[in-house]
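Inspection log for the structure reproduced underneath, given as structure tokens.
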Amino acid sequence: MDAAKEPAKEPAKDASSAPAQAASPQAAEAHRPAPNMPQFTRDEDLHAYHEMLLIRRFEEKAGQLYGMGLIGGFCHLYIGQEAVVIGMQMASVEGDQVITGYRDHGHMLACGMDPKGVMAELTGRRGGYSRGKGGSMHMFSREKQFFGGHGIVGAQVSLGTGLAFADHYRENGKVSLTYMGDGAANQGQVYESFNMAALWKLPVVYVIENNRYAMGTSVARASAQTDFSKRGLSFGIPGEQVDGMDVRTVREAATRAIEHARTGQGPYILEMQTYRYRGHSMSDPAKYRTKDEVSKMRDEHDPIEMVRKRLLELHGVPEADLKATDAKVRETVNASAEFATNDPEPDPSELWTDILLDAHA
């Protein structure tokens, strides 16, 4: 359900409208990609920067609203993992489907869902994508080909495989992008899905977002095989490990995997080695890891900061323009929060809707 729209405003100047400035030879050398490392154009980096920044600022605001008691229930933030979903979306085409677990706000925004509708669902308002009845983990958009948000660990994998079966049956050329975490990768239904997908060569890419801790236990303590890209070998499913903190490597690997699935060669597994800065959920103090570990990841591998440095030093984008982009993103996010805190709550009659699907509708 689309949220209400505000009157059109004069668009703020952002970095995409600024003329390119020549980067110095030193900067170009400093940002020269390593062997086999893909490079982004200026426009691609600008796009990635804006989209990842939107997720980061949205999640920061959601955390604030949760702390104020305006968001109830569970709330799992995507801060730190933004490069995964943005890189995947940069490689997909319109019509490809997305399904994931409960750390899902970033995936919704990457699919193009309205931030107002997403935030309104978080606060339980009628303008939310599930009319305020689903909350953080249960909102959908058939228009944007986003099929949830699922609260049962690993449940979305069999559903995403089902989406791929429908695509295969209809011969529509679509691919199902099915996300899961490292914890979900140990669930039984995941391997049943792998078997079916491989047997029927279904067009599905399984994206394992390995943020190292699942709910709070290190993968080294919970997984006998910590190379999740190998989890499909017994079914003949190819896989690869990817630096999930660099949007360039994500987009490159996603392009290969999606092409593999789309051309009838069957499923593909991408293990995205990523990291979440916050706890598993807003109620998790994350005492199972050190502050130094988190700080090191933020300082050395932050996905947004890496793109920001390339824009400044390699592409010659003025810092003032990047600040303008940040201001524009903050304006969008603040507007979503304003809408989500003032939109009415659902009418009690909504308790009786969306229970049965009219087969003739």
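Points to keep in mind about this one:
- Applying a threshold of 25 Å to the alpha-carbon distances of Lys116/Lys323; Lys296/Lys328; Lys201/Lys230 flags Lys296/Lys328 as lying beyond it.
- Each residue, Trp200 and Glu319, gets one label point 7 Å from its Cα in the Cβ direction; the gap between the two is 5.5 nm.
- Sorted largest first, extent of the range 217-361 alpha carbons per principal axis (Å): 51, 49, 40
- Residues of the range 183-217 with amide N under 12 Å of a point placed 7 Å along Cα→Cβ from Tyr288: 183-184, 211-217
- With Rh defined as the Kirkwood radius, the inverse of the mean 1/r over Cα pairs, the Rg/Rh of the range 302-361 is 1.35.
- Label point of Gln225 set 7 angstrom out along Cα-Cβ; within the range 251-292, amide nitrogens under 14 Å from it belong to 269-271.
- Surface composition of the chain: carbon and sulfur atoms hold 52% of the protein heavy-atom accessible area at a 1.4 Å probe.
- Thr353/Arg142 FRET efficiency (R0 22 Å; Cβ-Cβ; nearest 0.05): 0.85
- Ranking Ala257, Val294, Ser158 by how far each Cα lies toward the positive end of the dipole of the chain (charges on Cβ) leaves Val294 at the top.
- DSSP beta bridges fully contained in the chain are about 5 percent antiparallel.
- Ile152 paired with Asn36, simple spin-label distance in nm, labels 7 Å along Cα-to-beta-carbon: 4.0
- Positive-end ranking of Ser130, Val85, His105 along the dipole of the range 35-139, with charges on Cβ about the Cα centre, is headed by Ser130.
- Grouping the Cα pair distances of the chain into 10 Å bins from zero gives a pair-distance distribution of 5, 24, 33, 26, 11, 1, 0 percent in increasing distance order.
- Cα shape, the range 119-276, gyration tensor, a/c 1.5 rule: oblate
- Karplus-derived 3J(HN,Hα) values for the range 130-146, using 6.51 cos²θ - 1.76 cosθ + 1.60 with θ = phi - 60°, are 10, 6, x, 9, x, x, 4, 9, 9, 9, 9, 8, 5, 4, 8, 6, 10 Hz; glycine and proline are entered as x.
- The alpha-carbon of Lys309 sits under 15 angstrom from the alpha-carbons of these aspartates and glutamates, leaving out residues fewer than 8 places away in its chain: Glu29, Asp43, Glu44, Asp45, Asp246, Asp299, Glu300, Glu319, Asp321, Asp326.
- Taking the Cα atoms of the range 93-196, the ratio Rg/Rh between the radius of gyration and the Kirkwood radius comes to 0.99.
- Dividing the convex hull volume of the alpha-carbon atoms in the range 222-261 by its residue count gives 70 Å³ per residue.
- Charged-residue dipole, Cβ positions (Lys, Arg, Asp, Glu), the chain about Cα centre, Debye nearest 20: 500
- Working from Cα pairs under 8 Å separated by at least six residues, relative contact order for the chain is 25 percent.
- The aspartates and glutamates within cross-link reach of Lys133, meaning a Cα-to-Cα straight distance under 15 Å and a gap of 8 or more places when in the same chain, are Asp2, Glu121, Asp343, Glu345, Asp347, Glu350, Asp354.
- Here the 3J(HN,Hα) profile of the range 310-317, calculated from phi with Karplus coefficients 6.51, -1.76 and 1.60 at θ = phi - 60°, is 5, 4, 6, 8, 9, 8, x, 7 Hz, Gly and Pro shown as x.
The values are calculated or read from the model by the stated rules, or taken from the named source; none is laboratory data. Keep in mind that what you see is a predicted model, and the values were worked out from it rather than measured. With ideal geometry, Cβ positions are generated from the backbone for all residues, glycine too; neighbour counts draw on all protein chains shown. Side chains included, ligands, DNA and RNA excluded: accessible areas come from the protein's heavy atoms. Shrake-Rupley method; radii C 1.70, N 1.55, O 1.52, S 1.80 Å.
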